[in-house]
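First up is the structure itself, then whatever we jot down about it.
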Amino acid sequence: MTDNSKSEGTAPSDQAPDAKLKNSVLFVTIVSSFVTPFMASSITVALPAIQNDLHMDAVLLAWIATAYLLSCAVFLVPFGKIADIYGRKRIFISGMLIFTLFSVLCGLAPNPATLLAFRIIQGIGTSMIFTTGMAILTSAIRPQERGKAIGLTVAAVYIGLSVGPVIGGFLTQYLTWRSVFFFAGILGVPSVYLSIWKLKTEWYGARGEKLDVFGSVLYAIALTLLMLGLSTIPDVTGVLELVSGLVLFFVFVRWEQRSRWPVFELSLFTNNRGFAFSSLAALINYSATFMVTFLLSLYLQYIKGLDPRQAGFVLIFQPVTMAVLSPFAGRLSDKVAPRIVASSGMAISAAGLFGMIFLGDQTSIAYIIANLVLLGSGFALFSSPNMNAIMSSVEPRFYGLASGAVSSMRLLGQMTSMGITTMIFSIFIGRVKITDAYHREFLTSIEIAFVISVILCLAGIFASLARGEIQTVQEKPGDTSANATR
């Protein structure tokens with residue numbers, strides 16, 4: 001860390017950064033990008049075991065994933081601002097420490113309430129990692145190499161997603177579901193060490209500004225009410241929570257427009273077409289696709305009778321495809337307009353989701369794998385180019401906010417996806433355990449969920465195309481607002 005009294009400065013982003021620093025940042029970012037998605041994907045195949053051990057109903061089971069995502073989304077935007085004020089590396093390392101500690105504590109949870117509480121705190125740590133990792137990477141890599149670097153980072157995410165179901169299924173099968181959390185904690189230890197050892201520079205984007213505490217609280221309450229509402233529809237309480245959440249979002253927007261130090265830079269959306277539509281496309285894409293692994297994990301174990309290990313081997317095909325194609329897609333977006341590559345990927349994803357609509361008792365595993373490969377191909381072609389477009393469309397002083405914003409879009413999309421799933425479960429299954437008696441209702445829920453996903457994905461194609469051509473924003477000479485200190 002550096003003393004605040006030291007001089008600050010940064011080279012213009014079109015000049016070559018320090019090669020050693022660039023490689024260190026890329027290495028640490030790749031390592032941290034692997035750990036958190038591994039946790040998310042590995043726990044998915046353990047959900048039926050968690051349900052049986054802790055006696056949870058279908059709706060509460062969905063909250064094991066949703067509570068973690070909600071916590072991430074609530075704290076992403078505030079921590080993005082905090083990182084810009086007090087240092088991105090400082091927040092990044094703190095997040096890795098929290099994630100590692102509470103991964104272990106989740107494995108020790110004795111009941112559903114404790115597990116949900118620890119998952120919420122684990123999500124806070126993850127939000128600190130998400131909001132700073134991409135901002136640090138973008139600050140250290142010049143624009144001409146950014147697509148390739150982002151592609152490698154995204155590939156690490158998908159490798160984590162790939163091995164997660166397999167390792168998670170194996171651990172759940174032979175060592176209980178608790179070992180999945182312990183394993184994630186073990187992975188976090190070297191990640192913390194590498195972050196402290198490799199990152200020799202601190203980055204700031206808004207030094208001297210103040211945190212908008214009231215705006216942060218408004219944002220948190222609004223998001224929470226929206227997710228609670230989605231999970232309790234069609235009850236009257238759920239409708240009231242949804243409406244209250246929407247009203248508070250409107251109040252939040254009005255407050256941010258008047259705030260001297262807004263926690264969320266709304267001008268990024270109102271004055272930057274490329275950023276706005278790229279973010280919207282990300283929101284729609286994750287809303288359409290995130291539920292796939294959750295639903296298929298339950299389907300493969302409850303309907304097809306596979307054990308957790310076997311289910312993990314089936315689910316691995318989608319993220320493996322993503323991991324293989326993401327570096328290629330990232331490099332391609334350095335040469336071809338991101339809107340073309342990303343929009344093509346969204347269309348391919350829609351085709352893969354369409355095939356999932358027809359899942360039934362007799363559906364072959366080969367058919368499921370084929371659709372997972374198709375979906376993985378589409379997602380890889382969308383994700384890296386879309387991220388490159390977002391980070392290239394803003395000034396360096398907004399890297400922290402942009403990273404937090406795009407992570408918010410991802411998590412809001414994932415929450416929306418799980419919210420849709422929870423709402424469908426509430427309507428068609430109810431607060432009961434998924435057993436043989438409810439298999440027909442479960443299959444109906446899957447069919448409706450994938451129909452909604454296809455519709456969302458088709459809408460996302462238009463959002464992706466509407467962004468127009470992205471012009472890379474260079475740092476202005478003498479601009480020290482995105483400073484890095486040694």
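Please specify each residue of the range 248-297 satisfying the condition of being assigned to a helix (DSSP H, G or I) and farther than 29 Å from Ser453 by Cα. Before the answer, list the steps.
Let us first name the residues in the range 248-297 that are assigned to a helix (DSSP H, G or I), namely 248-258, 267-270, 273-289, 291-297.
Val251, Arg254, Trp255, Glu256, Gln257, Arg258, Ser267, listed by residue number.
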Listed by first then second residue, the pairs whose first member lies in the range 412-439 and is assigned by TED's automatic domain parsing to the domain that holds Phe450 and part of a helix (DSSP H, G or I), whose partner is at pLDDT below 80 and of a type in the set (D, E, K, R), with beta carbons under 6 Å and at least 6 positions apart or on separate chains, are none
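In the set Asp57, Asp53, which member is surrounded by fewer than 24 Cβ atoms within 10 Å (Cβ to Cβ), more than 30 Å from Trp197 (Cβ to Cβ) and either modelled with pLDDT under 80 or of a type in the set (Phe, Trp, Tyr) (or both)? Outline the logic, then answer.
Working: Asp53 fails: either modelled with pLDDT under 80 or of a type in the set (Phe, Trp, Tyr) (or both).
Asp57 is the lone residue from the list that is surrounded by fewer than 24 Cβ atoms within 10 Å (Cβ to Cβ), more than 30 Å from Trp197 (Cβ to Cβ) and either modelled with pLDDT under 80 or of a type in the set (Phe, Trp, Tyr) (or both).
Can you pull out the helices (runs of 4 or more DSSP H) entirely within the range 41-111 that have at least 3 residues that are of a type in the set (D, E, K, R)?
Of the helices (runs of 4 or more DSSP H) lying wholly inside the range 41-111, those with at least 3 residues that are of a type in the set (D, E, K, R) span 88-107.
For the condition polar (S, T, N, Q), assigned to a helix (DSSP H, G or I), without any contact (Cβ under 8 Å) to a residue 40 or more places away in the chain and more than 22 Å from Ala58 (Cβ to Cβ), what is the one hit in Ser216, Ser244, Ser191?
Details: Ser216 fails: without any contact (Cβ under 8 Å) to a residue 40 or more places away in the chain; Ser191 fails: without any contact (Cβ under 8 Å) to a residue 40 or more places away in the chain.
Every option except Ser244 fails the conditions.
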Practice problem: Would you be able to say whether some residue in the range 95-114 is over 23 Å from Met415 (Cα atoms), under 18 Å from the mean Cα position of the chain (by Cα) and either among the aliphatic types (A, V, I, L, M) or surrounded by fewer than 24 Cβ atoms within 10 Å (Cβ to Cβ) (or both)? | Solution: no
In the set Ala366, Ala337, Ala281, Ala311, the lone residue that is of a type in the set (Gly, Ala, Ser), touching a helix residue (DSSP H, G or I) at 6+ places or on another chain (Cβ under 8 Å) and over 21 Å from Gly419 (Cα atoms) is Ala311
Of the residues in the range 298-333, those that are under 21 Å from Gln173 (Cβ atoms) and more than 19 Å from the chain's Cα centre (by Cα) number 18
* State yes or no: is Phe182 in a helix (DSSP H, G or I), aromatic (Phe, Trp, Tyr), more than 22 Å from the chain's Cα centre (by Cα) and farther than 25 Å from Ile82 by Cβ? => no
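Of the residues Ile340, Ile368, which single one is assigned by TED's automatic domain parsing to the domain that holds Phe450, touching a residue at least 60 places away in the same chain (Cβ under 8 Å) and surrounded by fewer than 24 Cβ atoms within 10 Å (Cβ to Cβ)? Spell out how you get there, then give the answer.
On the way: Ile340 fails: touching a residue at least 60 places away in the same chain (Cβ under 8 Å).
That would be Ile368, the only listed residue that is assigned by TED's automatic domain parsing to the domain that holds Phe450, touching a residue at least 60 places away in the same chain (Cβ under 8 Å) and surrounded by fewer than 24 Cβ atoms within 10 Å (Cβ to Cβ).
Please indicate, with yes or no, whether at least one residue in the range 223-233 is over 18 Å from Ser33 (Cα atoms), out of contact with any helix residue (DSSP H, G or I) (no Cβ under 6 Å at 6 or more places or on another chain) and not assigned by TED's automatic domain parsing to the domain that holds Val35.
Here is the first cut: in the range 223-233, the ones over 18 Å from Ser33 (Cα atoms) are 223-233.
Applying the additional criterion that residues be out of contact with any helix residue (DSSP H, G or I) (no Cβ under 6 Å at 6 or more places or on another chain) yields 224.
This time we only want the ones that are not assigned by TED's automatic domain parsing to the domain that holds Val35, so: 224.
Yes, some residue in the range 223-233 is over 18 Å from Ser33 (Cα atoms), out of contact with any helix residue (DSSP H, G or I) (no Cβ under 6 Å at 6 or more places or on another chain) and not assigned by TED's automatic domain parsing to the domain that holds Val35.
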Within the range 76-108, residues being in contact with an Asp or Glu (Cβ under 8 Å, 6 or more places away or on another chain), over 14 Å from Pro262 (Cα atoms) and among the aliphatic types (A, V, I, L, M) number 0
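Take Gly151 and tell me if it is buried (at least 24 other Cβ atoms within 10 Å of the Cβ), under 19 Å from Ala402 (Cα atoms), among the small types (Gly, Ala, Ser) and in contact (Cβ under 8 Å) with a residue 60 or more places away in the chain. If you could, list the steps in order and put the result at the bottom.
Numbers: buried (at least 24 other Cβ atoms within 10 Å of the Cβ): yes; under 19 Å from Ala402 (Cα atoms): yes; among the small types (Gly, Ala, Ser): yes; in contact (Cβ under 8 Å) with a residue 60 or more places away in the chain: yes.
So Gly151 passes the test.
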Pairing a residue in the range 294-315 that is closer than 12 Å to Pro48 by Cβ with any residue that is buried (at least 24 other Cβ atoms within 10 Å of the Cβ) and polar (S, T, N, Q), where Cβ atoms lie under 6 Å and the two sit 6 or more apart in sequence or on different chains, gives Phe294/Thr44; Ser297/Thr44; Pro308/Thr172; Ala311/Ser297
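A quick yes/no check of all residues on (1) surrounded by fewer than 16 Cβ atoms within 10 Å (Cβ to Cβ); (2) in contact with a strand residue (DSSP E or B) (Cβ under 8 Å, 6 or more places away or on another chain); (3) not hydroxyl-bearing (Ser, Thr, Tyr):
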{"position": "Ser244", "(1), (2), (3)": "no, no, no"}
{"position": "Phe250", "(1), (2), (3)": "yes, no, yes"}
{"position": "Pro262", "(1), (2), (3)": "no, no, yes"}
{"position": "Glu265", "(1), (2), (3)": "no, no, yes"}
{"position": "Tyr286", "(1), (2), (3)": "no, no, no"}
Of the residues in the range 439-486, those that are modelled with pLDDT of 55 or more and charged (D, E, K, R) come to Arg440, Glu441, Glu447, Arg467, Glu469
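For Pro308, indicate whether it is crowded, with 22+ Cβ neighbours inside 10 Å and in contact with a Phe, Trp or Tyr (Cβ under 6 Å, 6 or more places away or on another chain).
Details: crowded, with 22+ Cβ neighbours inside 10 Å: yes; in contact with a Phe, Trp or Tyr (Cβ under 6 Å, 6 or more places away or on another chain): no.
So Pro308 fails the test.
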Evaluate the following for Ala288: is it more than 21 Å from Ile64 (Cα to Cα) and assigned by TED's automatic domain parsing to the domain that holds Ile424? no
Could you go through the range 225-234 and let me know if any residue there is assigned to a helix (DSSP H, G or I) and either free of Cβ contacts under 8 Å to residues at least 12 places away in the same chain or closer than 30 Å to Ser24 by Cβ (or both). no
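Restricting attention to the range 412-429, does a residue exist that is in contact with an Asp or Glu (Cβ under 6 Å, 6 or more places away or on another chain) and surrounded by fewer than 24 Cβ atoms within 10 Å (Cβ to Cβ)?
Initially, the range 412-429 is screened for residues in contact with an Asp or Glu (Cβ under 6 Å, 6 or more places away or on another chain), giving 428-429.
With the extra rule that they be surrounded by fewer than 24 Cβ atoms within 10 Å (Cβ to Cβ), the set shrinks to 428-429.
Yes, some residue in the range 412-429 is in contact with an Asp or Glu (Cβ under 6 Å, 6 or more places away or on another chain) and surrounded by fewer than 24 Cβ atoms within 10 Å (Cβ to Cβ).
The values are calculated or read from the model by the stated rules, or taken from the named source; none is laboratory data. Only a predicted model underlies this, so the values are computations on that prediction, with no experimental measurement involved. When we count neighbours, we look across all protein chains shown, and the Cβ atoms used for this are built from the backbone with ideal geometry, even at glycine.
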